[in-house]
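Asker: Structure provided below as structure tokens; questions to follow.
Each value in this text was obtained by applying a stated rule to the coordinates, not by laboratory testing. Just so it is clear, the model here is predicted, and its values are computed rather than measured. Methodologically, a virtual Cβ is constructed for each residue, glycine included, from the backbone with ideal geometry; neighbour enumeration extends over all protein chains shown.
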Ligand code: RFL
């Protein structure tokens, strides 16, 4: 006997959990499968900056209480280069803001909300295959015995290394990929942030970033080799590189303190088209990866899910497939603008191996235009705080 559900969701990251939450609010049932444990999923340190649209959506669907209490609203970002601070105040430029609220807290809020409502979340349950995507019985095979679960629709929210994307035949899928010749060393330190703004250091020795996770915990990043070993980075080496790339005259220097975690993330831009094949809909990292420079990974997953949630609601409420049919096109239209912003920023602020002096001067001119002209500041502000999500 196989089980049945309306929407089978592969992956309990922010994309899968949010979809399950939105569907529940519409009276649509779902089962969420994840191959990792609840503790693992809930503790993964990842993104931290929420666009205004993401904050508004989470608040609108009843997930705003802890976020309002623990989140840290940000009205500006400080670019440090050429020995000076260059702030872009997006609240002043366009009246919009972002929120620093870590991804693991968003995931925590979603899991709590789903479980409180009796949601069916199956951790430690890998999906091993998805079948019959174009036939009458789309099916998920899950768990060690590969037990079948029949679904109306399957949401592939299983991240970049998941299995759902591979279920789309190569003959109908196109992948776009750019791998960058550097990575980021992510550092968690038990120190209060030295500045009130998220701060980017664009230095000829490489990029650095100061962000925060709480008033007493800083999240810092350093450009490093793409396959660097975190053990190559002693605490002394980390602090010395951070000072070199982030400290400028007239601004308080970084505060040093215990480093409690460090890890290397490779950087790439990746996109598949289309995002739908039969009953399967890809969302979040399963469909696209952006370099973390623009803070768009989590926010793009939320944008996809907003569109997919509405499309499924329209199907179950009115029997309309119109929004499902346009899902891929709707998400891709916005997503390519997000790639343009993320890849463009990534190219502007990092130091490239073998870079010519000419290329360096162009980077400086781009930074000067972005921070020093009103159109430049507005364009940055609109993209950083989040492009609109199509209804
Ligand atoms: P996730 O969060 O990767 O969740 C996918 C889930 O699918 C599960 N899974 C499976 N479950 C069942 N069966 C299978 N066969 C499965 N295969 C996989 C996985 O266990 C996992 O729980 O994807 P989602 O929901 O699309 O969310 C996307 C965001 O997580 C991602 O875009 C961001 O976190 C990206 N990202 C960052 N973005 C930023 O904006 N700023 C950052 O500072 C930032 N840091 C990061 C990051 C991503 C990282 N990863 C993925 C390497 C740091 C890291 C380390």
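Asker: If I fit a long axis through the Cα atoms of helix 103-116 and take the longest principal axis of the Cα atoms of the chain, what angle between them do I get, 0 to 90°, rounded to 10?
Answerer: Tilt relative to the chain: about 30 degrees.
Asker: Once Rh for the stretch 1-139 is found with the Kirkwood sum over Cα pairs, what is the Stokes-Einstein diffusion coefficient at 4 °C and 1.567 mPa s, in µm²/s?
Answerer: Translational diffusion coefficient: 76 µm²/s.
Asker: If you don't mind, another one. Rg(Cα) of the stretch 217-328 divided by 2.2 N^0.38 Å?
Answerer: Normalised Rg, Cα atoms only: 1.59.
Asker: Considering only the chain, what is the antiparallel percent among its DSSP beta bridges, to the nearest 5?
Answerer: Just about 70 percent of them are antiparallel.
Asker: So, R0 is 56 Å and r is the distance between the beta-carbons of residue 150 and residue 382; what FRET efficiency does that work out to, to 0.05? Display every interim value, and only then the final one.
Answerer: Numbers: r = 43 Å, r/R0 = 0.78.
Calculated value: 0.80.
Asker: Next question. With just the Cα atoms defining each centre, how far is the stretch 180-242 from the stretch 114-145? Give it in Å.
Answerer: 38
Asker: Sticking with this one: Along Cα→Cβ, 7 Å out, is where each label goes; now give me the distance between the ones at residue 266 and residue 70 in nm to one decimal.
Answerer: 3.1
Asker: Using a Gaussian network model of the chain whose springs link C-alpha atoms within less than 10 Å, name the residue from 139, 75, 205 with the highest mean-square fluctuation.
Answerer: Between 139, 75, 205, it is 205 that shows the largest mean-square fluctuation.
Asker: Sort the following peptides by mean Cβ neighbour count (other Cβ atoms within 10 Å, averaged over residues), highest first: 84-97, 47-60.
Answerer: Per-residue mean Cβ counts within 10 Å order the peptides as 47-60, 84-97.
Asker: Using helices alone, I'd like the mean residue ellipticity at 222 nm for the chain: each DSSP H run of four-plus residues gives -39500 (n - 2.57), total over residue count, nearest 500.
Answerer: Numbers: 12 runs with 141 residues, N = 391.
My calculation for the chain gives -11000 deg cm²/dmol from helical runs alone.
Asker: Determine the shape class of the stretch 101-200: with a ≥ b ≥ c the square roots of the Cα gyration tensor eigenvalues, call it rounded for a/c under 1.5, and otherwise prolate if a/b is greater than b/c, oblate otherwise.
Answerer: Taking the square roots of the gyration eigenvalues as a ≥ b ≥ c, the stretch 101-200 is oblate.
Asker: If R0 is 51 Å, what FRET efficiency do you get for residue 166 and residue 83 from their C-beta distance, rounded to 0.05?
Answerer: About 0.55, to the nearest 0.05.
Asker: Still on this model: What do you get for the angle between helix 357-372 and the principal long axis of the chain? Use alpha-carbon atoms, 0 to 90 degrees, nearest ten.
Answerer: 80
Asker: Right, next: Percent antiparallel among DSSP beta bridges with both residues in the stretch 1-156, to the nearest 5?
Answerer: 60
Asker: Taking the Cα atoms only, what angle lies between the long axis of helix 297-318 and the longest principal axis of the chain, rounded to 10 degrees?
Answerer: The helix 297-318 is inclined about 30 degrees to the chain.
Asker: Follow-up. Please work out the C-alpha center-to-center distance from the stretch 337-386 to the stretch 297-312 and express it in whole Å.
Answerer: 27
Asker: Looking at the square roots a ≥ b ≥ c of the eigenvalues of the Cα gyration tensor of the stretch 149-275, which shape do they give, rounded for a/c under 1.5, prolate if a/b is larger than b/c, or oblate?
Answerer: prolate
Asker: Rg and Dmax in Å for the chain, alpha carbons only: what are they?
Answerer: 21.3, 70
Asker: Now for a different question. Starting from 0.36 nm per residue, how many nanometres of slack lie between residue 112 and residue 26 once their C-alpha separation is accounted for?
Answerer: 29.1 nm
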